[in-house]
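The values are calculated or read from the model by the stated rules, or taken from the named source; none is laboratory data. Predicted, not measured: the structure shown is a model, and the values here were computed from it. Cβ coordinates were reconstructed from backbone atoms using ideal geometry, including for glycine residues, and neighbour counts include every protein chain displayed.
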Amino acid sequence: MTRFNRRIFVFGTAAAAGALALGGSASAAIAFPFTLGVASGDPLPDGVVLWTRLAPAPLNADGHGGMPNSPMTVYWQVATDQGFTQIVRSGEVAAQYADAHSVHVEVDGLQPDAEYYYRFRADGHLSPVGRTRTAPAFDVLGRNFLMAFTSCAHYESGYYTVYRRMADDRPDLILHLGDYIYEDAATSGSVREHLGSEIVSLADYRRRYAQYKADTDLQAAHAAAPWLVVPDDHEVENNYANLTRADNSPALTAAQFKQRRADAYKAYYENMPLRATAKPTGADIPLYRRVRWGQLATFHMLDTRQYRNDQACDDGWKYCPSAGDPARSLPGMTQENWLLNGLSQHTGTWDVIGQQVFFARNADGDDAVSMDAWDGYPASRDRIQKGWVQRGVRNPVVLTGDVHRAWANDLKVDYTNPGAPVIGTELVTSSVSSGGDGADTTGIPNGAYNPHLRFYSQHRGYVRAQVTPAAMNVDFRAVDKITTRGAAARTLKSFVIQEGRPGLQNP
Ligand code: FE
Ligand code: CA
């Protein structure tokens, strides 16, 4: 028997032993530990990250999910079929107490552009099965693929029907653009309530992730496809900018906030299907990265919180000339240069920039803009837009979250000139739940001052896009009600982005 086959044998035998243990053997020391589901992410042509976290009692206040202070072996398998008759990779990893018993398995040796199923076993318990896939090889065009993206899942505001409907589409890739959790305290009378006060400590963040991830609609979306994730502000605290807070509530010293950010980033890493290259060190987490999808698309995933200058003129919506200081940056100068260098490589037909905050100009009649969005850092936006024009980037598409509304925008180097050419496209997803049940609206806010803003909706939802060499076919999907479970999704509006022709077209 080869070593490879023996591993499979061991998995099967131990799983059978585990089943017996559930009947009363002393070898099953813990209750079912896969209460937080399974996930995969950051696909490569030959592999993907598999994730789970053991938590038999997920809501324990210490953040350790009912796990003992000792390591536990977690076995994993990857198969080409859902029944696991064709197992192609397997192994084991030690889940550590210091990592809240999370595991990140970087599988390699898989075929490019291929679908796989994966599962885990720990202490005799088998996990749910997840579906994932690899990216196409770097040197092939790759088949058409379906991506879906969303953001902003405030737990108390409603159920995660949006996640469920994303899973129903069986996309090849899901992007989450931030506000995966919210840090605020329980609010009585909500659809469902956060546990505890505003989260500040590592234990708090770990338990908050556990509360969110215990949701079965969210688990279904993770189990449906590999994810590319980037956090926004609420994974730490509302509207923080690097190490500057929006306010001093709860009261913390600078050192205490730095520790809070370190704890928040550690919990983020523990709970997301990220590679070890994204593992935080203290209060720093190296998250911005590129993921390639053959020669069809390159995903440039940005971090617009960790390195930004503080919001100008304080936060909020205002007219603020000093925001335009060219020394200010939203991604930070290092990340700006990293982005432009990546865009200059022309590795994919579509250069998709996955990021958090509103990118196009959105000014009211008094030229007031959001200080927290790219409008609060216009020189930074200008360098990036002009940079991609100078580099001949044919198909830049910016994906955005944060605002709890769906928007679709044409991008321009000069937003004050309605005749200026369109040089890119922005798709803004609505939220999973933040904002509660949506409503029908007519018109586009500030549309009279910003004719490049082309679509707006207040409904909860997500965006899906079929990506082909000739076009990106975009559907804005909406779920009308989230304060009760089970609502259907519908397409509110579709656009086409044609290859070589930036901007939104009607289908
Ligand atoms: Fe949000
Ligand atoms: Ca946000």
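Side notes on the structure shown:
- Yes/no for Gly158 being more than 16 Å from ligand 2 (Cβ to nearest atom) and at positive phi: yes
- Pairs meeting the criteria (first residue in region 146-159 and farther than 15 Å from His176 by Cα, second residue aromatic (Phe, Trp, Tyr) and within 13 Å of ligand 1 (Cβ to nearest atom), beta carbons under 7 Å, at least 6 apart or on different chains) are Tyr155/Tyr182.
- On the stretch given as region 359-372, residues that are within 15 Å of ligand 2 (Cβ to nearest atom) and either surrounded by 24 or more Cβ atoms within 10 Å (Cβ to Cβ) or not assigned by TED's automatic domain parsing to the domain that holds Arg245 (or both) total 2.
- Subset of region 404-433 (residues that are crowded, with 23+ Cβ neighbours inside 10 Å and within 16 Å of ligand 1 (Cβ to nearest atom)): Ala406, Trp407, Val428, Thr429, Ser430, Ser431, Val432, Ser433
- Of the residues making up region 434-487, just one is of a type in the set (A, V, I, L, M), within 16 Å of ligand 1 (Cβ to nearest atom) and not in a loop (DSSP other than H, G, I, E, B), namely Val463.
- Single unsatisfied condition, Pro136 versus (1) part of a strand (DSSP E or B); (2) touching a Phe, Trp or Tyr at 6+ places or on another chain (Cβ under 9 Å): (1)
So that you can scan it fast, the table gives a plain yes or no per residue for (1) surrounded by fewer than 18 Cβ atoms within 10 Å (Cβ to Cβ); (2) of a type outside the set (A, V, I, L, M, F, W, C):
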site: Met272; (1), (2): no, no
site: Gly282; (1), (2): yes, yes
site: Thr304; (1), (2): no, yes
site: Arg308; (1), (2): no, yes
site: Ser322; (1), (2): yes, yes
site: Asn337; (1), (2): yes, yes
site: Gly348; (1), (2): no, yes
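- Some residue of region 244-261 being among the aromatic types (Phe, Trp, Tyr) and either under 22 Å from the mean Cα position of the chain (by Cα) or at positive phi (or both): no
- Options Ala98, Ala137, Ala148: the member that is surrounded by fewer than 20 Cβ atoms within 10 Å (Cβ to Cβ), among the small types (Gly, Ala, Ser) and under 29 Å from Asp232 (Cα atoms): Ala98
- Per-region count, region 162-196, residues surrounded by 15 or more Cβ atoms within 10 Å (Cβ to Cβ) and within 22 Å of the chain's Cα centre (by Cα): 22
- The number of residues in region 197-207 that are within 16 Å of ligand 1 (Cβ to nearest atom) and either surrounded by fewer than 24 Cβ atoms within 10 Å (Cβ to Cβ) or over 21 Å from the mean Cα position of the chain (by Cα) (or both) comes to 1.
- Any hit, region 110-126, residues being free of Cβ contacts under 8 Å to residues at least 12 places away in the same chain and touching a strand residue (DSSP E or B) at 6+ places or on another chain (Cβ under 7 Å): no
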